[in-house]
Amino acid sequence: MNKTADELQPIRLSAREIPPPTSISAQARTYLSLAAQQYDMPARPALDDKAGWKNWVAVADGAVGAMMAGFDQLAEHEATELGGVPVFLIKPNNLPANSRGVLLDIHGGALVMGGGSVCCSMGKFMALRAGMLTYTIDYRMPPDHPYPAALDDCIAAYRALLKLYSSAEIIVSGSSAGGNLAAALMLRARDEGLPLPAGVVLLTPEVDLEETGDSFHTNRDIDVALKTGLLELSLLYANGHDLTHPYLSPLFGDFSKGFPPTFLQTGTRDLFLSNTVRMHRGLLKAKIDVELHVFEAMPHGGFGGNTPEDQELAEAVQLFVQRCLK
């Protein structure tokens, strides 16, 4: 006899300690140890507390900006626009003279933070990782600009970029919430008849806003970068729209209608591990060209950018980009 979900018994675990594993680099073990001791974010405000959310975002932006500051001097940037949307044009200092293509990057930040100077810093981090000339989109966000403002900005910027480059010269990327928007942009661009880019890079993407995957339970509090889910922030972003709509949760899109070659990355300690592996299965079923890279013990967002594992990820992204741009 089949039981309902409410009747199924969960696994109950006793309290335990989980050390950094010896299977990763010494630098990565140090990152896990130090990150586990970092200051936690303040409590999330009520959905209708606009002032409270603005204060919360300011604290989050300060923390992320401090983490990204070390990469600022490694690339040049210029504030400009694409299709009326503010963007930063970023050129890594070590960009080869024969570099090909352009990256359209969409920053992370739980769909509510990471704008302005933080957007620029995160864009530089991704430009360095991909080794490409990069436009990063400073899209609108809640509480003032909920869905579909961010996605509208992304599609406007992509349309404008298509006037500067052929689709075969463009790679789109996004990390975390940026991965949500990058994947949603692919679905919407396809639905609106736009040519799709040569490839898309989705790093630990937030593709299921309902957070139904297994790792939202198994990696809770184990992921030192993202200890708990983001449901309140997703509800703030969605502003009453159905969280399962493919433009909000791209995991539920119909990939058989078209999707570009895709690079997916996650880690075994990533809260979004299930998001990424389920996206991989969905793309495989639709016979989309897709790569899945799962890193040992890596939490959400990597090990801070300066470990052998982070370098290995950067090299894998660059190989994917080179393959797509041929």
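Which numbered condition trips up Ile90, out of (1) under 18 Å from the mean Cα position of the chain (by Cα); (2) modelled with pLDDT of 95 or more?
The failed condition is (1).
Restricting to the range 128-165, and then to whatever is farther than 25 Å from Val59 by Cα and among the small types (Gly, Ala, Ser), can you tell me which residue is surrounded by the most Cβ atoms within 10 Å (Cβ to Cβ)?
Ala157
With the structure loaded, tell me whether Ala28 is of a type in the set (Gly, Ala, Ser), surrounded by 10 or more Cβ atoms within 10 Å (Cβ to Cβ) and either closer than 27 Å to Ala160 by Cβ or touching a Phe, Trp or Tyr at 6+ places or on another chain (Cβ under 7 Å) (or both) or whether it fails that test. Working first, answer last.
Working: of a type in the set (Gly, Ala, Ser): yes; surrounded by 10 or more Cβ atoms within 10 Å (Cβ to Cβ): yes; either closer than 27 Å to Ala160 by Cβ or touching a Phe, Trp or Tyr at 6+ places or on another chain (Cβ under 7 Å) (or both): yes.
When the stated conditions are applied, Ala28 passes them.
Out of curiosity, is Gly253 modelled with pLDDT of 95 or more, touching a strand residue (DSSP E or B) at 6+ places or on another chain (Cβ under 9 Å) and not basic (Lys, Arg)? Spell out the reasoning first.
Values: modelled with pLDDT of 95 or more: yes; touching a strand residue (DSSP E or B) at 6+ places or on another chain (Cβ under 9 Å): no; not basic (Lys, Arg): yes.
It is false that Gly253 is modelled with pLDDT of 95 or more, touching a strand residue (DSSP E or B) at 6+ places or on another chain (Cβ under 9 Å) and not basic (Lys, Arg).
If you scan the range 267-309, which residues turn out to be touching a residue at least 24 places away in the same chain (Cβ under 8 Å), assigned to a helix (DSSP H, G or I) and of a type outside the set (Val, Ile, Thr)?
Residues satisfying the conditions are Leu273, Ser274, Asn275, Arg278, Met279, Gly282, Leu283, Lys285, Pro308, Glu309.
Report yes if Leu231 is among the hydrophobic types (A, V, I, L, M, F, W, C), touching an Asp or Glu at 6+ places or on another chain (Cβ under 9 Å), on the phi < 0 side of the Ramachandran plot and free of Cβ contacts under 8 Å to residues at least 24 places away in the same chain, otherwise no. Full working, then the answer.
Numbers: among the hydrophobic types (A, V, I, L, M, F, W, C): yes; touching an Asp or Glu at 6+ places or on another chain (Cβ under 9 Å): yes; on the phi < 0 side of the Ramachandran plot: yes; free of Cβ contacts under 8 Å to residues at least 24 places away in the same chain: yes.
So Leu231 passes the test.
Which residues, counting only those in the range 250-266, are surrounded by fewer than 21 Cβ atoms within 10 Å (Cβ to Cβ) and assigned to a helix (DSSP H, G or I)? Let's see the steps before the verdict.
Looking only at the range 250-266, we keep the residues that are surrounded by fewer than 21 Cβ atoms within 10 Å (Cβ to Cβ), and these are 252, 254, 256-258, 261.
Listed by number, the residues that qualify are Phe252, Ser256, Lys257.
Assess whether Leu95 counts as being crowded, with 17+ Cβ neighbours inside 10 Å and within 20 Å of the chain's Cα centre (by Cα). Please lay out each step first, then the result.
On the way: crowded, with 17+ Cβ neighbours inside 10 Å: yes; within 20 Å of the chain's Cα centre (by Cα): no.
No; evaluated as a whole, the condition is false for this residue.
Only one of Tyr247, Tyr237 is touching a Pro at 6+ places or on another chain (Cβ under 8 Å), part of a helix (DSSP H, G or I) and over 23 Å from Glu309 (Cα atoms). Can you tell me which? Outline the logic, then answer.
Values: Tyr247 fails: part of a helix (DSSP H, G or I).
Result of the check over Tyr247, Tyr237: Tyr237.
The values are calculated or read from the model by the stated rules, or taken from the named source; none is laboratory data. Owing to the predicted nature of the structure, the values given are computational and were not obtained by experimental measurement. Ideal geometry is used to build each Cβ from the backbone, glycine not excepted, and the neighbour counts take in all protein chains shown.
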